[in-house]
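Structure first, then comments.
Values quoted throughout were computed directly from the atomic coordinates according to the rules given, and no laboratory measurement underlies them. Here the structure is a predicted model, which means the values were calculated and not measured. Because the Cβ atoms are built from the backbone with ideal geometry, glycine has one as well, and the counts that use them run over all protein chains shown.
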């Protein structure tokens, strides 16, 4: 139907008469109001393309999404000059499919089977380029077809109409019809199948972003269903499990080609940009293995998330950092730490979105993982930075929060307690070595019997108590349990000898002096330099205690802590018993506080 501005007076009067008659006969009931093609202006395409695709790289995501829906196994993104090309080896499109693809806001795709279903993604490049070409070929047919959108002409026409208030306004249908063509190209081998999308004459500011390899790679890794890197030790196991439990899950191998740079295969959980850059600059790289991501992760935990009604709404996998700290610097945008929503492999939002659902925020950056949403009633918004607000979305978030609390929080806390116990056992072993060495000094040493021996009794008693407690935390580590038992036995023996020295110093001193003189006589012909006194183990700084408990401090709190540490250093010698007792007590209280989340 032509626009109402182009309707004749009689046609407009006829429409007015028709509506007037229906309203008069309706007895105050609403009547259907016909919507003509002229009621939808061509400006809509500009409004949607700018409003929905604020990042120029979003259009690459939309065209890649179509490739995944077409069952493509490989995808090549090539940036050359001021042109971006997206080539995929999917099933391709014939004439019926291309005619469907050009529809605006109408899509035959199923929301449960496909990633794209709104029918506007093909127009995502409207604001970026002057011309869009979609060339496609289906297997079994020699026919090659090309769909062309002259975006520059569309924008020029809209601009003319904006600047002339007296001109008629072009409808969306008329605008697209006037500047969209389809052509048949030369035949090709019937066995081939592909689709190529070309964005030609991209604006300079946009092509500069697309040609930035680092930013482009990071965007693709965060937003496309990229395959795991072969170097990621758990990649194959995670991929196999996701194929079993996530309907429609698939990955695509993405090749990146930029002018003047070698081709790169983009890999999820692969080497970082810095690693790749250093490898590329290494003159001996041909003699070395390609770099791999340097993360020390525990084996993945797989979880099925159910809502209160028992329906499965999501699956996720999670790996914990074995170094008992966050995976990345707090100053960097998270690339690995935390979790990210996925719908059929495509990301929704970023890795900060799920942070609020984690029961202990301090432990959130210790994990890396992905949450695959399988509830079809939880629908991504058009920008794909969140889900549409709905009861289903709320139920999903509540279910994930509950599962994180049930499964991940205990796992992290157990790991934290075990790691702390292992570190404490090692420090206790070092302290015991020092106490034994100090106790066994020669009889002529003036410190063989003084107030330090009484302090040693306290230290050994605390040592035995602490080792006994730490042993319970590492009960699943049989070798460490046996080693801890040995430390406890040695501590008890030294405690017994120290008490004997205090209770009967004369006898013990004489005994040790005799032992020392005998040893000296035997070695008189072979004088040796006495071993140096052991260097006391320096107690940890307060800022280290906060870091070990995954407690992040803002700059103001960090400055206050530094002032407090300096005051403490001025009042108490760092190796004094009082200082050590304070640090031990403070560490215990800090650990208790962090355990409360």
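If neighbour count is taken as other Cβ atoms inside 10 Å, put 159, 264 in order from fewest to most.
Sorted ascending by nearby Cβ count, the order is 159, 264.
Cα gyration tensor of the range 43-271, axes a ≥ b ≥ c as square roots of the eigenvalues: rounded (a/c below 1.5), prolate (a/b > b/c) or oblate?
Prolate, because a/c is 1.5 or more and a/b exceeds b/c.
Note the full-extension length gain between residue 164 and residue 325 as 0.36 nm times their separation in residues minus their Cα-Cα distance, in nm to one decimal.
Additional length available on full extension: 51.7 nm.
Arrange the following residues from fewest to most other Cβ atoms within 10 Å of their Cβ: 254, 265.
Ascending Cβ contact count within 10 Å gives the list 265, 254.
Assuming 0.36 nm per residue, please report the length gained on full extension of the stretch residue 461 to residue 36 beyond their Cα-Cα distance.
Taking 0.36 nm per residue and subtracting the Cα distance, the gain is 144.0 nm.
Using C-alpha positions alone, give me the convex hull volume of the range 301-399 per residue in cubic angstrom.
About 101 Å³ per residue, rounded to a whole number.
What is the packing order of peptides 215-225, 37-47, taking the mean over residues of other C-beta atoms within 10 Å and listing the highest first?
In descending order of packing, they fall as 215-225, 37-47.
Take 544, 83 and order them by how many other Cβ atoms sit within 10 Å, fewest up front.
The fewest-first ordering by Cβ neighbours comes to 544, 83.
Where both partners of a DSSP beta bridge lie in the range 335-428, what percent of those bridges are antiparallel, to the nearest 5?
45
Using Cα pairs closer than 8 Å and at least 6 residues apart in sequence, work out the relative contact order for the range 301-399, in percent.
Relative contact order comes out at 31 percent.
What's the center-to-center distance, using Cα atoms, between the range 357-394 and the range 19-97 in Å?
26
Averaging sequence separations of C-alpha pairs under 8 Å and six or more residues apart, then dividing by the length of the range 43-271, give the relative contact order as a whole percent.
26
Tell me, how many Å apart are the Cα centres for the range 185-232 and for the range 277-351?
If we compute the Cα centre of each part, the gap is 22 Å.
May I ask you to compute the full-extension gain from residue 27 to residue 361, defined as 0.36 nm times their residue separation minus their alpha-carbon distance, rounded to one decimal in nm?
114.2 nm
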